[in-house]
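Asks: Structure in structure tokens, see below.
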Amino acid sequence: MADRTSIEWTDATWNPVTGCSKITRGCDFCYAERIAERFRGVQGHPFENGFDLTLRPERLRQPLAWRKPRRVFVNSMSDLFHKDVPKSFIDAVFDTMEEANWHTFQVLTKRSPLMVKYLRGRYGAGLAPSHIWLGVSVEDQKNTVRLKHLQIARASTKFVSFEPLLWSIAAIDLSGIDWVIVGAESGPGARPFNIEWARGLKNQCIAADVAFFFKQAADARGRKIPTPELDGRKWIEFPRRG
């Protein structure tokens, strides 16, 4: 668990699972993989096995020791709903999140069908507690299907991260969505970003009364520009409920 993070929309990270595998082009230049693979083969390092999927049961109860309330990004270095994470382990993660209800937990996935199935099994006709935010990552128009999955998920608070945003997003249905995050790709190999893509999503959020957070742009070299201004102001809104 990291008490500090450079991720602008959260306060801390908690990684009971690390490592993942690529499923769409949004994964091509994964920052988490880049960090982890630097330490592959370093004996005794947490990432001795690089970005191989790794369960870390010793971390399951960490948030309970953190008494100050904060927003906690769950699995910033993985995807909780990866097909190789056992249901029993996901159960243990949710058990901790439900118990540590003074925190706000932010769970983000690209594997939205598996998230929908899990939440239906855990909560039935009910909803996940409002302090557990469930979200999907969407990089282009093709993968807005994840947004549709999120809309039927048994979650109280729902968010979408359009990062890395790789193309413009045409008109989408934001009903039931509480929060939208937008961010350019940055780092080695970063693909170009057009500010109009962010503006288009910002305008859709305003029209739908959805909180909007413009996390980052990038310059021509792929260097990150955190929380830049857009149309005369910084957009660092958070969900109005949850």
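Throughout, read-outs are computed from the coordinates displayed, never taken from laboratory work. Just so it is clear, the structure is predicted and the values come from calculations on it, not from any experiment. Cβ placement follows ideal geometry from the backbone for every residue including glycine, while neighbour counts extend to all protein chains displayed.
Asks: Determine the gain in length on full extension of the stretch K87-R34; use 0.36 nm per residue of separation and subtract their C-alpha separation, reporting nm with one decimal.
Replies: The K87-R34 span can extend by a further 16.4 nm.
Asks: Using only Cα atoms, locate the centre of the stretch 7-23 and the centre of the stretch 50-126, then give the distance between them in Å, rounded to an integer.
Replies: Here the two parts' Cα centres lie 10 Å apart.
Asks: While we're on this one: Can you say what percent of the DSSP beta bridges in the stretch 12-234, counting only those with both residues inside, are antiparallel? Round to 5.
Replies: If I count the DSSP bridges inside the stretch 12-234, around 20 percent turn out antiparallel.
Asks: Starting from 0.36 nm per residue, how many nanometres of slack lie between K22 and L230 once their C-alpha separation is accounted for?
Replies: Roughly 71.8 nm would be gained on extension.
Asks: Moving on to the next point. By a straight-distance test (C-alpha under 27 Å), which lysines pair with K22 as possible cross-link partners, with residues fewer than eight away in the same chain excluded?
Replies: Of all the lysines, those that pass the test against K22 - Cα under 27 Å, at least 8 places apart if same chain - are K83, K87, K110, K117, K142, K148, K158, K215, K224.
Asks: If a paramagnetic tag sat 7 Å from the Cα of E99 along the Cα-Cβ line, which residues of the stretch 1-41 would have the backbone N under 19 Å from that point?
Replies: 1-2, 14-17
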